[in-house]
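The values are calculated or read from the model by the stated rules, or taken from the named source; none is laboratory data. Source: prediction; values computed, not measured. A quick note on method: Cβ atoms are made from the backbone with ideal geometry, for glycine too, and the neighbour counts reach across all protein chains shown. The accessibility values were calculated without ligands, DNA or RNA, using every heavy atom of the protein model including side chains. Shrake-Rupley method; radii C 1.70, N 1.55, O 1.52, S 1.80 Å.
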Amino acid sequence: MSKLKEKLYEKILEWRPRTNRLVNEFGDVPVGTITISQLIGGMRGVRSLVTDISYLDPLEGIRYRGYTLPEVFEKLPKPKGAEMPYVEGLFYLLLTGEIPNESEVADVVDEFSKRRILPRYVYEVIDSFPCCSHPMAIFSAAITTMQRESFFSRKYAAGLNKLDYWDPTYEDALNLLAKLPEVATYIYAKLYRDGKRIQSNPSLDLGANFAHMMGKPSPYDDVSRMNFIIHADHESGNVSAHTGHLVASSLADIYLSISSMVNGLAGPLHGLANQEVLRWILAFMDKMNDEIPTEAEVKQYVWDTLHSGLVIPGYGHAVLRKTDPRYTIQREFCLKRLPDDNVFKYVDLLYKVVPDILIEQGKAKNPWPNLDAQTGVIQWHYGIREFDFYTVLFGIGRSIGITANIIWDRALGYSLERPKSLTTEMLEKIAFGTLGDDEIPNE
Ligand code: CMX
């Protein structure tokens, strides 16, 4: 058993009694109520999910296992000479709640490296996609195709004790995560480099190997590590995390759950916003003939967008009410590494004017930028100009958090998700006081 798996099992045995006690002794304790506007309005703020992998505070931003992102970047071990930590170390942290030491990270790097080889048919599936397919559609399909590799599905079919569900799920998770960089870089090669693939290098960590397969020199290895780490998790209610959890709750295996998660991520209000940001900024640059606009011109462009009934991509959030720390980390990287980049200058100018405009418009509850406002400019700077690929990068990172969540869901025996629906007529009766809550069946 790998060190990570041993440690995880130790933690699972420690944790199970806590969950069992909550259910058995305190199962009837209410944790909130739900209003009609929450029911119709996308369930904002409804407390209905449990995760210990990360927690999102509206003002502070995300914490992974209790650590803020700056703490995560400071504490996790880094490859020699790198500024950013090992992505594998983050996976260890998310799974166990502990910061790994050098040898524990080396063990995970080795595990990933051993599992990285893609079955031949995955390349063939990617090759067979029709022209102009979106990379996220190909990414999702490639992951679904690998479902036949699932240990969990095979073990389940043979008869698996519920207490052991986490074990083959863990194996599936590692097998899939180790392969995602190869899947993504092959999609990139296929779509934008005439299929010229660069072989993976088993002696490199995940971030460095990804950069190598993208054909990008340093510091793109650190860019990749930073990118995958900041995108890994954002508690469980966002569309991608929730989709992954929901699908996995039916005991669909990791491959089916993660491909579903990828589909949810591919919506423009969620992960696809990173490509939309670049598209929107490039259109502005085109309009300005690449000249740096005045503040008045930036304001005009933002207002024109709003007046056309469009959203400002990269701004706003369903939970956050301050600038996203994932934005700040990337902004600091840009200020240090690419302060003179023209696209970054636009991003910077937008940061100065968009929040005030959204406040003046008075609709968005959060006028501040989210992470998607900054990710594209970094990729663009390092030569990844095909912006419809950016959400695939998000998808690799997000898979790390979702797989960690699914392993724990299985370890703690979380149930099939099945909330109850009501009809509009029932809601009207509740609103008018003609239908009591106790008249609505809960099952
Ligand atoms: N530009 C213009 N209008 C915005 C806005 C923005 N950036 N953000 C919110 N609004 C509008 C909403 O469209 C909504 O309008 P209506 O009342 O006409 O429907 C109103 O303000 C209230 O919305 P909200 O409660 O503040 O935001 P939601 O929780 O409903 O939605 C989000 C959150 C992210 C979808 C929204 O802010 C948005 O569309 N942002 C732009 C797209 C984006 O950047 N998405 C990426 C988010 C991060 C991620 O998941 O990757």
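Of all residues in segment 202-233, count the ones that are of a type in the set (Val, Ile, Thr) and either within 16 Å of the ligand (Cβ to nearest atom) or surrounded by fewer than 22 Cβ atoms within 10 Å (Cβ to Cβ) (or both).
2
Looking at 72, 87, 46, 23, which one is more than 30 Å from residue 114 (Cβ to Cβ) and more than 16 Å from the ligand (Cβ to nearest atom)?
Just one listed residue meets the conditions, 23.
Based on this model, can you work out whether residue 121 counts as more than 26 Å from residue 95 (Cβ to Cβ), surrounded by fewer than 22 Cβ atoms within 10 Å (Cβ to Cβ) and modelled with pLDDT of 95 or more?
Against the criterion (more than 26 Å from residue 95 (Cβ to Cβ), surrounded by fewer than 22 Cβ atoms within 10 Å (Cβ to Cβ) and modelled with pLDDT of 95 or more), residue 121 qualifies.
Within segment 116-141, how many residues turn out to be of a type in the set (D, E, K, R) and under 22 Å from the mean Cα position of the chain (by Cα)?
1
Where in segment 137-241 are there helices (runs of 4 or more DSSP H), lying fully within it, with 3 or more residues that are within 22 Å of residue 268 (Cα to Cα)?
Output list reads 166-192, 220-230.
For segment 96-118, indicate whether the set of residues that are farther than 21 Å from residue 229 by Cβ and touching an Asp or Glu at 6+ places or on another chain (Cβ under 7 Å) is non-empty.
Yes.
Testing residue 261 on (1) open to solvent by 20 Å² or more (accessible area, probe 1.4 Å); (2) in a helix (DSSP H, G or I); (3) in contact (Cβ under 8 Å) with a residue 24 or more places away in the chain; (4) under 18 Å from residue 392 (Cβ atoms), one condition comes back false. Which one is that?
(1)
Which pairs have Cβ atoms under 6 Å, sit 6 or more apart or on different chains, and link a residue in segment 404-424 that is open to solvent by less than 50 Å² (accessible area, probe 1.4 Å) to one that is in a loop (DSSP other than H, G, I, E, B)?
Close Cβ pairs satisfying both conditions: 404/53; 405/51; 405/53; 410/165.
Would you mind telling me which numbered condition in (1) in contact with a Leu (Cβ under 8 Å, 6 or more places away or on another chain); (2) in a loop (DSSP other than H, G, I, E, B) residue 90 fails?
Of everything listed in (1) in contact with a Leu (Cβ under 8 Å, 6 or more places away or on another chain); (2) in a loop (DSSP other than H, G, I, E, B), residue 90 misses just condition (2).
Name every residue in segment 364-412 that is more than 10 Å from the ligand (Cβ to nearest atom) and outside any helix (DSSP H, G or I), in order of residue number.
Those that are more than 10 Å from the ligand (Cβ to nearest atom) and outside any helix (DSSP H, G or I): 382, 383, 384, 385, 386, 412.
So residue 358 clears everything in (1) over 25 Å from the mean Cα position of the chain (by Cα); (2) under 25 Å from residue 265 (Cα atoms); (3) away from the ligand (no atom under 13 Å from the Cβ) except one condition, right? Which one?
Only one criterion in (1) over 25 Å from the mean Cα position of the chain (by Cα); (2) under 25 Å from residue 265 (Cα atoms); (3) away from the ligand (no atom under 13 Å from the Cβ) is unmet by residue 358, namely (3).
Could you tell me whether segment 124-134 includes any residue that is open to solvent by less than 20 Å² (accessible area, probe 1.4 Å) and either closer than 28 Å to residue 251 by Cα or not acidic (Asp, Glu) (or both)?
Looking for residues that are open to solvent by less than 20 Å² (accessible area, probe 1.4 Å) and either closer than 28 Å to residue 251 by Cα or not acidic (Asp, Glu) (or both), one finds at least one in segment 124-134, hence yes.
Which one is nearest to the chain's Cα centre (by Cα) among residues in segment 91-114 that are open to solvent by 40 Å² or more (accessible area, probe 1.4 Å) and not hydrophobic (A, V, I, L, M, F, W, C)?
My answer is 98.
Tell me which residues, restricted to segment 192-223, are in contact with a Gly (Cβ under 7 Å, 6 or more places away or on another chain) and without any contact (Cβ under 8 Å) to a residue 60 or more places away in the chain.
Correct list: 198 only.
Looking only at segment 193-201, decide whether some residue is crowded, with 23+ Cβ neighbours inside 10 Å and closer than 25 Å to residue 92 by Cα.
Looking through segment 193-201, none of the residues is crowded, with 23+ Cβ neighbours inside 10 Å and closer than 25 Å to residue 92 by Cα.
Pull up segment 325-346, narrow it to residues that are touching a strand residue (DSSP E or B) at 6+ places or on another chain (Cβ under 9 Å) and in contact (Cβ under 8 Å) with a residue 60 or more places away in the chain, then point me to the one that is least open to solvent (accessible area, probe 1.4 Å).
Residue satisfying both the conditions and the ranking: 326.
Any residue in segment 306-317 that is part of a helix (DSSP H, G or I) and either closer than 19 Å to residue 356 by Cα or more than 11 Å from the ligand (Cβ to nearest atom) (or both)?
Within segment 306-317 (the criterion being part of a helix (DSSP H, G or I) and either closer than 19 Å to residue 356 by Cα or more than 11 Å from the ligand (Cβ to nearest atom) (or both)), the answer is yes, since at least one residue qualifies.
Going by the structure shown, is residue 79 closer than 24 Å to residue 176 by Cα, touching a helix residue (DSSP H, G or I) at 6+ places or on another chain (Cβ under 9 Å) and modelled with pLDDT of 95 or more?
It is true that residue 79 is closer than 24 Å to residue 176 by Cα, touching a helix residue (DSSP H, G or I) at 6+ places or on another chain (Cβ under 9 Å) and modelled with pLDDT of 95 or more.
Show the residue pairs meeting these rules: Cβ distance below 7 Å; 6+ apart or different chains; first residue within segment 145-159 and under 12 Å from residue 251 (Cα atoms) and open to solvent by 60 Å² or more (accessible area, probe 1.4 Å); second residue at pLDDT 95 or above and in a loop (DSSP other than H, G, I, E, B).
156/251
Could you list, in sequence order, the residues of segment 268-279 that are under 17 Å from residue 137 (Cα atoms) and either aromatic (Phe, Trp, Tyr) or more than 9 Å from the ligand (Cβ to nearest atom) (or both)?
275
Note down all Cβ pairs under 8 Å where the first residue falls in segment 234-245 and is open to solvent by less than 40 Å² (accessible area, probe 1.4 Å), the second is charged (D, E, K, R), and they're at least six residues apart or on different chains.
Taking only residues 6 or more apart or on different chains, the pairs are 240/398; 241/233; 241/235; 241/398; 245/409; 245/417.
Just to be sure, is residue 339 closer than 27 Å to residue 39 by Cβ and part of a loop (DSSP other than H, G, I, E, B)?
Criteria not met by residue 339.
Might you let me know whether segment 280-293 holds any residue that is open to solvent by 80 Å² or more (accessible area, probe 1.4 Å), away from the ligand (no atom under 14 Å from the Cβ), at pLDDT 95 or above and not in a loop (DSSP other than H, G, I, E, B)?
Yes: one or more hits.
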